[in-house]
């Protein structure tokens, strides 16, 4: 994978810090990992598949739900099968257990 200089467009190796053509500083791009793909308990409507996808990829959950409903109507059942597969395959989020107060000894 090559990167390109923002000033002159020269192709550079991924480890380059300066452009070999014009000498411009190449900014370091760090990827930010998304949330893990889990079905949360809070905020889910049916099974939490749309909410899980929206939170994991940084999408708007309302749009994901609208596209899912449209997909149910116009895909001939393909989105329904994918939704059920997501329901089965995406793990549920862990429920935090309440702490006992006062602590039992």
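So that you can scan it fast, the table gives a plain yes or no per residue for (1) over 23 Å from residue 81 (Cβ atoms); (2) at pLDDT 80 or above:
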{"position": "4", "(1), (2)": "yes, no"}
{"position": "10", "(1), (2)": "yes, yes"}
{"position": "18", "(1), (2)": "yes, yes"}
{"position": "21", "(1), (2)": "yes, yes"}
{"position": "29", "(1), (2)": "yes, no"}
{"position": "34", "(1), (2)": "yes, no"}
{"position": "44", "(1), (2)": "no, yes"}
{"position": "55", "(1), (2)": "no, yes"}
{"position": "63", "(1), (2)": "no, yes"}
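If a residue must be assigned to a loop (DSSP other than H, G, I, E, B) and modelled with pLDDT of 80 or more, how many such residues does the range 77-105 contain?
Counting residues in the range 77-105 that are assigned to a loop (DSSP other than H, G, I, E, B) and modelled with pLDDT of 80 or more gives 5.
Out of all the residues in the range 43-70, which are in a helix (DSSP H, G or I) and surrounded by fewer than 16 Cβ atoms within 10 Å (Cβ to Cβ)?
Within the range 43-70, 56, 57, 62, 63, 66, 67, 69, 70 qualify.
The values are calculated or read from the model by the stated rules, or taken from the named source; none is laboratory data. Small disclaimer: the values here were computed from a predicted structure and weren't measured. Ideal geometry is used to build each Cβ from the backbone, glycine not excepted, and the neighbour counts take in all protein chains shown.
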